[in-house]
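Participant: Pasting a structure below so you can have a look.
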Amino acid sequence: MSHQVTGSNQTTGSHQEHHRQHRVGWLRAAVLGANDGIVSTASLIIGVASANSGHTAIMVAGTAGLVAGAISMAAGEYVSVSSQADTEKSDLLQEKQALEQHYEEEVIELAEIYQQRGLEPELSVTVARQLMAHDALAAHSRDEIGISDLSAAQPITAAFSSALSFTLGAALPLMTAYFYHDDANLSVVTAVLSLVFLAILGAMSSYLSGAKMLTGIVRVGFWGALAMATTALVGIAFDVAV
C-alpha cells in the first residue's frame, strides 16, 4: 500500500519545536541581576541589623546598596559585553578581508567544516558555495566563528536588563525592612522572605529555560542562604551595641 502525504497534511501535521535559545541573552542578565539584587541587599540589611543598628541606619545601608548595586551591575555588564562585541567586530573584519582576498580558500575552509559535521566532500563544497553566494560573511561568521543573531553581543540591552532586574530584586528585601519595624527579628524575617523570593526567581528562570524547577530553586537558594548567614555573622562580630 502506498502512502502519500498531501499538502494539507503537511500543513496540519507539521512538527514544530519551541526552542529557548533566543532568550539566553536577556534571561542571563535578568536572572543574574535579580539574584544579585536579592542576595546582596538582603545580606547587607541582615549584616547591619545583626550589628544592632537602628532602623534608619538599616534603611540607609539597604538603599545605598540598591543604588550602588544597580549602577555597578549596569556598568559591569556594559563593559564586559562591549568587550565581547569588540572581539566579534574584530573577527568579522578579519573574515571580511579574507573573503575579499582569498575567496576560493574560504570556500574550501567552509566546506571542510561541513565535512566534519557529516557532509560528503562534493556536497559540502556545493553547500558552501550556495551559502556564500547568498551571504558569504554571514555563513562564515555563523559556521566558522560561531556568531549568530541570537548570540551576538548587545551591551546596552545587557546593561539595562541587569540594572532593572537588580533594582527589582533589591527592592524586595528593602521593602521588607521598610515595613517591618521590629529590629530584633528583622534579620530572620528578611532572610526567610528573601529565600522565598529566591525560590520564586529560581522557579521562574528554570521554567523559562526549560530546566527542572527544583534544580533552579536549590541552586539560588543555597548560595543566597550562605551569603546571608555569612553576613549575619559579620554583623554579630561588629555588634555596635557592645
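The values are calculated or read from the model by the stated rules, or taken from the named source; none is laboratory data. The model shown is predicted, which means the values in this text are computed figures rather than measured ones. Glycine gets a Cβ as well: all are built from the backbone with ideal geometry, and neighbour counts include every protein chain shown. Keep in mind that these areas ignore ligands, DNA and RNA; they rest on the heavy atoms of the full protein, side chains included. Shrake-Rupley method; radii C 1.70, N 1.55, O 1.52, S 1.80 Å.
Participant: Under the 0.36 nm per residue contour assumption, what length would be gained going from the current alpha-carbon distance of Ala184 and Glu105 to full extension?
Facilitator: 21.2 nm
Participant: Can you tell me the orientation of helix 155-179 relative to the chain, as the angle in degrees between its alpha-carbon axis and the longest Cα principal axis, to the nearest 10?
Facilitator: Orientation of helix 155-179: about 20 degrees from the principal axis.
Participant: Accessible surface of Arg117 in the full protein assembly, 1.4 angstrom probe, to the nearest 10 Å²?
Facilitator: Around 150 Å² of this residue is reachable by solvent.
Participant: So, one more: Taking the Cα centre of the chain as the origin and placing charges on Cβ (Lys, Arg +1; Asp, Glu -1), which of Ile38, Ser165, Ser141 is farthest toward the positive end of the dipole?
Facilitator: Ile38
Participant: If you average the alpha carbon positions of region 157-197 and of region 68-123, how far apart do those two centres end up, in angstrom?
Facilitator: The distance from the Cα centre of region 157-197 to that of region 68-123 comes to 40 Å.
Participant: If you take the beta carbon distance between Leu226 and Gln84 as r and set R0 to 25 Å, what does 1/(1 + (r/R0)^6) give as a FRET efficiency, to the nearest 0.05?
Facilitator: About 0.25, to the nearest 0.05.
Participant: Further question on the same structure: Calculate what fraction, in whole %, of the accessible area of the chain sits on carbon and sulfur atoms when a 1.4 Å probe is rolled over the protein chains.
Facilitator: Carbon and sulfur together cover 63 percent of it.
Participant: Would you tally the net charge around Ile145, using a Cβ to Cβ cut-off of less than 10 Å, leaving Ile145 out, and scoring K and R as +1, D and E as -1?
Facilitator: Here the charged neighbours net out to -4.
Participant: Before I look further, what does region 25-240 give for accessible area per residue, probe 1.4 Å, in whole square angstrom?
Facilitator: On the way: 11860 Å² over 216 residues.
Ligands and nucleic acids excluded, the figure is 55 Å² per residue.
Participant: Place a label point 7 angstrom from the Cα of Leu168 along the Cα-to-Cβ direction, then list the residues of region 27-60 whose backbone nitrogen is under 14 Å away.
Facilitator: 27-38
Participant: Counting only protein chains, not ligands or nucleic acids, how are Tyr114, Tyr207 ordered by accessible area (probe 1.4 Å), most first? Before the final figure, lay out each step's value.
Facilitator: Working: Tyr114 15, Tyr207 150 Å².
Solvent-accessible surface, decreasing: Tyr207, Tyr114.
Participant: A further question follows. Summing +1 for each Lys or Arg and -1 for each Asp or Glu, what net charge is found among the other residues whose Cβ lies under 12 Å from the Cβ of Gly202?
Facilitator: +2
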